[in-house]
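Engineer: Encoded as structure tokens, here's the structure I'll be asking about.
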Amino acid sequence: MASKRIGIEASLAIAEAVKLANTDVIAAYPITPQTHIVEGLAEMVANGDLDAEYIPVESEHSAMSACLGSSAVGARTFTATAGQGLILMHEVVMVASSMRLPIVMTVANRALSGPLNVWGDQSDAMITRDAGWIQFFVENGQQAFDHVICSFYIAEHPDVLLPVMINVDGFHVSHVIEPIEILDRKTVDEFLPPYKRRYTLDPDNPVSMGCFAAPNLYTETRKDLDNAVRESRKVILDVWHKYGELTGRHYKPIEYYKADRAETLLVTAGGYSENAMDAIDKMQSEGKKVGLVRLRLWRPFPYEDMIEALSGARNVIVFDRAISLGGPAPICSEIRAALYSLEKRPHIVSIVGGLGGRDVSPDDFEKIIDIGLERIKSGRNIHVWSERIVETLSIYVPKLVTKGEYIASGHRACSGCGEVLAVRYVCKALGRNTIISNATGCMEIISSPLPESAWEVPWIHTIFENASAVASGIESGIKALRRKHGYTKEVKVVAMGGDGGTADIGLQSLSGALERGHDFLYVCYDNEAYMNTG
């Protein structure tokens, strides 16, 4: 094996792996915190370092749609996304697995709106857990690099033919520079077989994909897909074994850290597992019988491995970085189900933390274990939060200010920012009776960090691409109130967005609003660039 060890950001190491896999098509839409992956790939294609078609699409929905097409004709295909982007493409994510298209996608895990948050947790991964994709969690840049190579092998294997999702912690892993062993092209070529798919969109052998299924066949097709996901485990283990033989880095569905003879086991997934390891080191040095179990394979879920890992423990504390609102946390619910049939089950407590990018330090993990043990001892072994609950009701009360400018000073923009000055004068011209719908972008980020707002007129933000659709609803709602309920106030409705929220990802909702003839003003912060946090 030939390789070189270099200091490189994890996102760029992922791009290197995509290049070494000789990927044919990359469909790219930038969104924090995965932007550096597709930026790196764009540079490689532009410089001639990677011979691939690079499609800079207009939305994440289109990114996955383009992947469907390229994979369906037999091209090795890659994309990346995060958070809201994954949710936007969710409709097509479901189609990719049902068509058995071996697309590889890296997700730089990010919190979901609302409120808007661009930092990391695993909410997006949990929303897509039932999408029919093979899914991995990785803990650092080296594992991310390795799993891109392995994932192409697994996805394209004739006994699998399923898309693969690699979950990488946003920022806490994606933006970290660390020493990573990068394989050379010859080594990867010898390990990774060429992509040869039997069924493609080929005029010489025409097939139909995505056909309609009536009730008499739908259940059977879903059962077949479920079987395919479950049976993929055999190939996953085989590919991991081959990669371990090649590199010395061995991966398993469930991985242990100092778990032998531990009475209490902490279960984690993703990059925070490394902080948990430090906590285990310290607690064991104090004579405490604790250990760590790390979840690597999320789908297909490794039930047998989890039973083997946890059945001998007295206590199990499951740390989730996502919450199922109104229900049990996702990973803990799977573990409870896995252990339910055991006659002698360990006590299980669910702890949720690290949401929205909040750090969880080794000291915090010690506290999490202590909190879990306290809950178990008291018999209240249910879902709890690791962080102190903060009263937030006042955050969502509309800010009604009667004096001053319509966008207040003290926001986060740089002094003299042209965008804020433009918005300030637009608001002064429009006056008090104005309602603003604001697309995602710099203006929204700098003006509305919870629990504060610089806006002194009614203002609403939802997501990147729908400011005009939201404005359409505001205008229509006021019409209805005026016609049916005696609303008399004259209100100006305004939609605002930057270049991307206007002419790229937001063009569909703007076009639809124009087609329908809604009466509102549209303001574009035209800086002649589409940055989207790049």
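Engineer: Kindly evaluate Ile37 against the criterion of being open to solvent by 30 Å² or more (accessible area, probe 1.4 Å) and either more than 29 Å from Val207 (Cβ to Cβ) or without any contact (Cβ under 8 Å) to a residue 40 or more places away in the chain (or both). Lay out the reasoning, then the answer.
Structural biologist: Values: open to solvent by 30 Å² or more (accessible area, probe 1.4 Å): no; either more than 29 Å from Val207 (Cβ to Cβ) or without any contact (Cβ under 8 Å) to a residue 40 or more places away in the chain (or both): yes.
The answer is no for Ile37.
Listed here are the residues, each with its yes/no results for (1) at pLDDT 90 or above; (2) open to solvent by 50 Å² or more (accessible area, probe 1.4 Å); (3) acidic (Asp, Glu); (4) in contact with a strand residue (DSSP E or B) (Cβ under 6 Å, 6 or more places away or on another chain).
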position	(1), (2), (3), (4)
Ile351	yes, no, no, yes
Gly354	yes, no, no, no
Val384	no, no, no, yes
Ser394	no, yes, no, no
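Engineer: Return the residues of the stretch 498-517 that are surrounded by fewer than 20 Cβ atoms within 10 Å (Cβ to Cβ) and of a type outside the set (Ser, Thr, Tyr); say none if nothing qualifies.
Structural biologist: Of the residues in the stretch 498-517, the ones surrounded by fewer than 20 Cβ atoms within 10 Å (Cβ to Cβ) are 499, 503, 507-508, 511-512, 514-517.
Result: Asp499, Ala503, Leu507, Gln508, Gly512, Leu514, Glu515, Arg516, Gly517.
Engineer: Would you point out the residue of the stretch 1-34, among those that are open to solvent by 40 Å² or more (accessible area, probe 1.4 Å) and of a type in the set (Asp, Glu), that is modelled with the lowest pLDDT?
Structural biologist: Asp24
Engineer: Tally time: how many residues in the stretch 128-142 are in contact (Cβ under 8 Å) with a residue 60 or more places away in the chain and open to solvent by less than 10 Å² (accessible area, probe 1.4 Å)?
Structural biologist: Within the stretch 128-142, the first condition is being in contact (Cβ under 8 Å) with a residue 60 or more places away in the chain, and the residues that meet it are 129, 132-142.
After this cut, where a residue has to be open to solvent by less than 10 Å² (accessible area, probe 1.4 Å) as well, the list is 133-139, 141.
Residues that pass the stated criteria total 8.
Engineer: Please go through the stretch 151-173 and give me each residue that is aromatic (Phe, Trp, Tyr), in contact with a helix residue (DSSP H, G or I) (Cβ under 7 Å, 6 or more places away or on another chain) and under 16 Å from Val235 (Cβ atoms), ordered by number.
Structural biologist: If the condition is that a residue be aromatic (Phe, Trp, Tyr), in contact with a helix residue (DSSP H, G or I) (Cβ under 7 Å, 6 or more places away or on another chain) and under 16 Å from Val235 (Cβ atoms), then Tyr153 is the only one that fits.
Engineer: Okay, moving on. Could you tell me which of the residues Ala66, Ala75, Ala42, Ala96 is under 21 Å from Tyr199 (Cβ atoms), assigned to a helix (DSSP H, G or I) and touching a strand residue (DSSP E or B) at 6+ places or on another chain (Cβ under 7 Å)? First the steps, then the outcome.
Structural biologist: Numbers: Ala75 fails: assigned to a helix (DSSP H, G or I); Ala42 fails: under 21 Å from Tyr199 (Cβ atoms); Ala96 fails: touching a strand residue (DSSP E or B) at 6+ places or on another chain (Cβ under 7 Å).
Result: Ala66 is the single residue among Ala66, Ala75, Ala42, Ala96 that is under 21 Å from Tyr199 (Cβ atoms), assigned to a helix (DSSP H, G or I) and touching a strand residue (DSSP E or B) at 6+ places or on another chain (Cβ under 7 Å).
Engineer: Would you check if Pro206 is loosely packed, with under 15 Cβ neighbours inside 10 Å and within 15 Å of His157 (Cα to Cα)?
Structural biologist: Details: loosely packed, with under 15 Cβ neighbours inside 10 Å: yes; within 15 Å of His157 (Cα to Cα): no.
Taking the combined requirement at face value, the residue does not satisfy it.
Engineer: Answer yes or no as to whether Thr81 is within 13 Å of the chain's Cα centre (by Cα), at pLDDT 95 or above, open to solvent by less than 10 Å² (accessible area, probe 1.4 Å) and not hydrophobic (A, V, I, L, M, F, W, C). Can you show your working first?
Structural biologist: Numbers: within 13 Å of the chain's Cα centre (by Cα): yes; at pLDDT 95 or above: yes; open to solvent by less than 10 Å² (accessible area, probe 1.4 Å): yes; not hydrophobic (A, V, I, L, M, F, W, C): yes.
Taking the combined requirement at face value, the residue satisfies it.
The values are calculated or read from the model by the stated rules, or taken from the named source; none is laboratory data. Every value quoted in this text rests on a predicted model; they were computed, and no experiment measured them. Heads up, the Cβs are rebuilt from the backbone with ideal geometry, glycines too, and the neighbour counts pull from every protein chain shown. SASA here: full protein model, heavy atoms, side chains in, ligands and nucleic acids out. Shrake-Rupley method; radii C 1.70, N 1.55, O 1.52, S 1.80 Å.
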